[in-house]
1. Kindly provide the Kirkwood hydrodynamic radius of the range 45-154 in Å, to one decimal, from all pairs of distinct alpha carbon atoms.
2. For the range 54-94, max minus min Cα coordinate along each principal axis, in Å, sorted largest first?
3. Students often forget the sequence filter, so: which aspartates and glutamates lie under 20 Å Cα-Cα from LYS232 once same-chain residues fewer than 8 apart are removed?
Amino acid sequence: MQDAAKGAYRNAKLGMIGGIDTYMSQNIPTHTTGARTGTDVAVHALDIRETDRLAAFVDDLPALPDTVISVVGELGDQARAERDIAHAAMVMRTNFEAPSLLLGLFANAFAARGSGTIVGVSSVAGDRGRGSNYVYGAAKAGFSQFLSGLRNRMALTGKVRVVTVKPGFVRTRMTAHLKLPAPLTVTPARVAADIYAAAEESPRDVIYVGRRFWLVMTIIGLIPEALFKRLKL
């Protein structure tokens, strides 16, 4: 929703795609109007994990968008994922397989048209595996690498731009049960502003939400594995 509001400032025609869960199915209409701007917003429902429906979903859209922003996430429960293979598979599919397949379809359609921008929202959790969330982190790492490879492929054609956005801690429903470090935690509005900048203004290919997190993850990446594996993170 934050992204839709941000885009409305440019009076763009907006479409929203939802990874449907119980909350969304009960709270998101099929069509709405921006409260602040009056911009028309069409909502297209999709369960991102139903990968056999993705191709038909893209083909059936009334118009191919200029920009696609993937904000798909399922934190899951690390302890449960360690013992429940079905839960681990769900976390991996939601964060990596499904959004990658969907963005690959949009990339092909954009390349055929000759223009388009893809923004994939990944996570700093994918920069290095940590014992506290390595199933989620591994999925986000895979998604980041998919975006990197897709960016390489699209750059050679010069027609489609692919951007990776990496938030750190964000105050959302997904993280409501966690104790987050205030200096490193941002609001959804901040994430939306950075996503908008990534799509419309910034020339960078990879953007960290909150410059501090780029420094934090750079330092973490430099810790030798022999020491890192002994840290409780």
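Computed from the coordinates by the stated procedures, all read-outs in this text should not be read as laboratory data. In this text the structure is predicted, and so the values were computed from the model without any measurement.
1. Numbers: mean 1/r = 0.0685 Å⁻¹.
One over the average 1/r among Cα pairs gives 14.6 Å for the range 45-154.
2. 43, 18, 9
3. Straight-line reach from LYS232, under 20 Å: ASP77, GLU82, ASP127.
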